[in-house]
Amino acid sequence: MRRHVLIAACTVMLLAALASGSSTAAVASVCGDGIVDPPETCDDGNVADGDGCSAECRTECPEDLCACLGAASQFDVVGDKVNVRSGKIYGEPVPTSSNGSFCGRLGRLSGKLDAELTLGGDVIMSGGPGTTAATFRGYKEDGLPSTSVFIDGDVATGGGTVKSLQYVEFGGGVDTTGAHPEVAICRQAVAELSAASATLASLSPTQVLTGIAVNPGQVATLGVGPGRQVVNVDTIVLDSSADEWSELDIVLDPATVVVVINVAKMLVLGAGSVVAVNGDAPVIFNLPPRARLKLKKEAFLGAPVLAPAAKINIPDDAATDALFTTLAVKLKGASVESSLFCP
């Protein structure tokens, strides 16, 4: 009997505590107290906007590159006319591949035997009624169309038609109504790119360089410090020769939060050249209007590129991070894999 009375008494006390709000099982986060509690993503001890951590304790641009890119952050490739096809290196076919989604207005995607295209996300082409928004091409075996393009997600348009689906195997569906939610996101992504680039270009630099030039056979280092790092540079040129390539290593401080590299005139990677990031913080190349991007075969560019006013051409066996422009994108036997992992 005593045991039952004790249990009942404890139950009454627990109910009373819950009713009075004195339970310590859940503690509400307080923005501005300097302690990061969910759902906060930052807490710098104040409730001011514009210092990298907003008044709601959410990480801001540029510390959060996903916030800078906005809708474009949902895609690995953003452009206008997006041409994706197989390539060839040393006489052998080379496929184009990506783990993410592609956004454009009009798209043309084609694969070849032993170099089929593989895309891990959605293909979203915003072309509206009266356009052929997406065209697929491939090869035939025994006179019959063979699967030449593999798409894990959906194929959706803004109302435009899709041509030659017999060459495609996809894990999702086909939507040409214009109502697919990612069509609106894709259009928004293209519309926001120029403003995003201007925002990054306006940041106060932590380093100002005339140029970075790396000769064949050489490895150069660009070191950056802690916190927000903004490097303004006129040109970055990695040269190569018939039997030697060059490399630029971007070395981050353990306390680096983000790196923005504003390239005023040109970013050029010779055949086989490498731009690598050594560290965990996000890095982005921002190319304002009139700046030029050029990659040659087998080059590797290990950070995203925001270049709203540049045509992007990635050749045979080259590999890049995410690519963002409002103009044409051409991928030929290339691979694209974003490092941003935006929600």
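Throughout, read-outs are computed from the coordinates displayed, never taken from laboratory work. The structure presented is a predicted model; accordingly, all values stated were derived computationally and were not measured. Please note: Cβ atoms are built from the backbone with ideal geometry, for glycine as well, and neighbour counts cover all protein chains shown.
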Comparing 247, 40, 182 in a Gaussian network model of the chain (Cα, 10 Å), the one with the largest mean-square fluctuation is 40
Taking θ = phi - 60°, what integer Hz values does the Karplus form 6.51 cos²θ - 1.76 cosθ + 1.60 yield along segment 180-191, in sequence order, with x for Gly and Pro? 4, x, 6, 5, 5, 5, 5, 4, 5, 4, 5, 5
Could you list which residues have their amide H under 5 Å from that of residue 217, counting only those 5 or more apart in sequence or on another chain, with H placed in the peptide plane? 245, 246
Please build a GNM for the chain, connecting alpha carbons under 10 Å apart, and tell me which residue among 122, 37, 142 fluctuates the most. 142
Let a ≥ b ≥ c be the square roots of the eigenvalues of the Cα gyration tensor of segment 152-304; is it rounded (a/c under 1.5), or, if not, prolate (a/b larger than b/c) or oblate? prolate
Could you tell me what a quarter of the Cα convex hull surface of segment 137-185 works out to, in nm² with one decimal place? 3.5 nm²
Cβ-based net charge around residue 86, under 13 Å, with every Lys or Arg adding one and every Asp or Glu removing one: +2
Full-extension gain in nm, residue 241 to residue 202, via 0.36 nm per residue minus C-alpha separation: 10.4 nm
Once all Cα-Cα distances of segment 224-279 are split into 5 Å bins that start at 0, what whole-number percent is in each one? 5, 18, 21, 22, 17, 10, 4, 1
If you take the Cα atoms of segment 63-208, find Rg, then find the Kirkwood Rh from the mean of 1/r over all pairs, what is Rg/Rh? 1.05
Straight-distance crosslink candidates among lysines, where the alpha carbon sits under 18 Å from residue 140 and sequence neighbours closer than 8 are dropped: 112, 163
Give me the net charge of residue 339's neighbourhood, meaning all other residues with Cβ under 12 Å from the Cβ of residue 339; Lys, Arg count +1, Asp, Glu -1. -4
What is the Cα coordinate range of the chain on the first, second and third principal axes, sorted by size from largest, in whole angstrom? 87, 53, 38
May I ask you to derive the FRET efficiency for residue 147 and residue 249 from their Cβ-Cβ distance with R0 = 51 Å, giving the value to the nearest 0.05? 0.80
Checking segment 242-294 for trypsin sites (Lys or Arg not before Pro) in a loop per DSSP with at most 13 other beta-carbon atoms within 10 Å yields 290
Loop-exposed chymotrypsin sites (Phe, Trp or Tyr not before Pro) per DSSP, neighbour cap 11 Cβ within 10 angstrom, longest uninterrupted part of the chain: 91-340
Between residue 166 and residue 191, the two model label points (7 Å from Cα along the beta-carbon direction) sit apart by a distance in nm of 3.9 nm
How far is helix 2-20 tilted off the main Cα axis of the chain, in degrees rounded to 10, range 0 to 90? 60 degrees
With all pairs of different alpha carbon atoms counted, what Kirkwood hydrodynamic radius in Å does segment 257-343 show? 13.0 Å
If only Cα atoms are counted, what is the Rg of segment 183-222, and what is its Dmax, in Å? 16.9, 46
The set of residues whose placed amide H lies less than 5 Å from the amide H of residue 326, leaving out same-chain residues fewer than 5 positions away, is 309, 310
Expressed in angstrom and ordered largest first, the alpha-carbon extents of segment 147-220 along the principal axes are 50, 35, 17
From the backbone phi of segment 199-207, what are the Karplus-calculated ³J(HN,Hα) couplings (6.51 cos²θ - 1.76 cosθ + 1.60, θ = phi - 60°) in whole Hz, Gly and Pro given as x? 4, 5, 5, 8, 5, 5, x, 9, 9
Residue-averaged 222 nm ellipticity for the chain, from DSSP H runs of 4+ at -39500 (n - 2.57), nearest 500: -4500 deg cm²/dmol
Residues of segment 132-158 with amide nitrogen under 18 Å from the 7 Å Cα-to-Cβ point of residue 184? 156-158
Expressed in nanometres to one decimal, the distance between label points 7 Å along Cα→Cβ at residue 213 and residue 292 is 1.5 nm
Sum up the charges of everything whose Cβ sits under 11 Å from the Cβ of residue 277, counting Lys and Arg as +1 and Asp and Glu as -1, but leave residue 277 out. -3
